[in-house]
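For reference, the structure discussed in these notes is given below.
The values are calculated or read from the model by the stated rules, or taken from the named source; none is laboratory data. Small disclaimer: the values here were computed from a predicted structure and weren't measured. Using ideal geometry, Cβ is built from the backbone for each residue, glycine included, and neighbour counts are taken over all protein chains shown.
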Amino acid sequence: MIRISGLNKSLHGGGHQVDIINGIDLTIPDGQLVVVTGPSGSGKTTLLSLMAGLDAPTSGTILIDDQDITKLNEDELAELRGERFGFIFQSFHLIPTLTALENVVLSAELGGTSNAHKKSVDLLGVVGLAERIHHYPAQLSGGEQQRLCLARAFVNEPDIVLADEPTGNLDSKNSDRILDLMMELHQTRKATVVLVTHEPDIAGKSQRILTMADGKIVEDTLP
């Protein structure tokens with residue numbers, strides 16, 4: 001589903017060039033759960049942003065199926081993200097003035113999902129928030145907010161879910177619960193999941209581990 005060829009991302013400043021992504025070639029098949037790990041500054045989050053079309057590469061191609069997203073304009077990219085991607089962020093990015101249910105319903109409606117209300121309620125039940133659907137984000141714990149983010153990411157049944165340090169702000173108990181829920185949703189919804197993390201426990205439960213350093217994939221392993 002995801003095919004990356006000759007991918008480079010460089011920044012220029014002060015007469016210097018900084019290579020953030022350096023010649024990556026990568027293929028991720030349908031339905032695979034991939035963990036991207038490596039030290040800070042290795043290019044993990046930038047790679048995720050490039051896959052989503054949130055950032056543009058200096059050179060190279062990114063194909064989602066057979067569509068090169070590097071050639072799409074902003075409107076086309078926004079449409080692609082709405083139809084095919086789900087996102088989970090470390091800092092949640094929930095809308096504070098909407099309830100848990102409204103946050104998920106809004107995502108479903110923007111994605112053109114039919115029966116948005118019912119699907120949102122059902123999925124909030126799956127992630128253990130059935131009794132919290134009318135609470136606002138500020139009334140939820142960190143773990144509950146991240147479970148809400150999981151529901152929002154999966155409500156449109158996306159082909160691809162991109163997660164950037166989804167357990168980075170959580171304690172070990174909530175981290176384990178979020179990971180288990182993500183695994184369950186990945187298996188039941190058959191989405192391709194690319195997850196950036198520093199945590200070795202998460203990497204050990206994945207189907208594939210990509211280790212990055214200096215903007216390159218230095219190791220590609222199947223646990």
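Matching residues to (1) in contact with a strand residue (DSSP E or B) (Cβ under 9 Å, 6 or more places away or on another chain); (2) touching a residue at least 40 places away in the same chain (Cβ under 8 Å); (3) β-branched (Val, Ile, Thr):
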position: GLY143; (1), (2), (3): no, no, no
position: GLN146; (1), (2), (3): yes, yes, no
position: ALA151; (1), (2), (3): no, yes, no
position: ASP159; (1), (2), (3): yes, yes, no
position: LEU162; (1), (2), (3): yes, yes, no
position: GLY168; (1), (2), (3): no, yes, no
position: LYS173; (1), (2), (3): no, no, no
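Just to check your reading of the model, which residue among SER91, SER107 is under 30 Å from GLU199 (Cα atoms) and in a helix (DSSP H, G or I)?
SER107
Within region 139-184, track down each residue that is buried (at least 18 other Cβ atoms within 10 Å of the Cβ) and small (Gly, Ala, Ser).
GLY143, ALA151, ALA153, ALA163, SER175, listed by residue number.
Can you tell me which condition SER114 does not meet? The list is (1) part of a loop (DSSP other than H, G, I, E, B); (2) of a type in the set (Ser, Thr, Tyr); (3) surrounded by 15 or more Cβ atoms within 10 Å (Cβ to Cβ), and all the others hold.
(3)
If a residue must be aliphatic (A, V, I, L, M) and under 11 Å from the mean Cα position of the chain (by Cα), how many such residues does region 48-60 contain?
Selection size over region 48-60: 3.
Out of (1) at pLDDT 85 or above; (2) outside any strand (DSSP E or B); (3) among the hydrophobic types (A, V, I, L, M, F, W, C), the odd one out for LEU170 is which?
Of (1) at pLDDT 85 or above; (2) outside any strand (DSSP E or B); (3) among the hydrophobic types (A, V, I, L, M, F, W, C), only one is false for LEU170: (1).
Filter region 185-195 down to the residues that are β-branched (Val, Ile, Thr) and in contact (Cβ under 8 Å) with a residue 40 or more places away in the chain, then identify the one that is surrounded by the fewest Cβ atoms within 10 Å (Cβ to Cβ).
Of everything passing the filter in region 185-195, THR192 is surrounded by the fewest Cβ atoms within 10 Å (Cβ to Cβ).
Filter region 187-205 down to residues that are at pLDDT 80 or above and under 27 Å from LEU7 (Cα atoms), then give me how many there are.
The number of residues fulfilling the criteria is 8.
For region 121-136, name all the residues that are farther than 18 Å from MET182 by Cβ and in a helix (DSSP H, G or I).
Correct list: VAL121, ALA130, GLU131, ARG132.
How many of the residues making up region 84-108 are out of contact with any strand residue (DSSP E or B) (no Cβ under 8 Å at 6 or more places or on another chain) and either surrounded by 15 or more Cβ atoms within 10 Å (Cβ to Cβ) or touching a residue at least 60 places away in the same chain (Cβ under 8 Å) (or both)?
Going through region 84-108 one residue at a time, the tally reaches 13.
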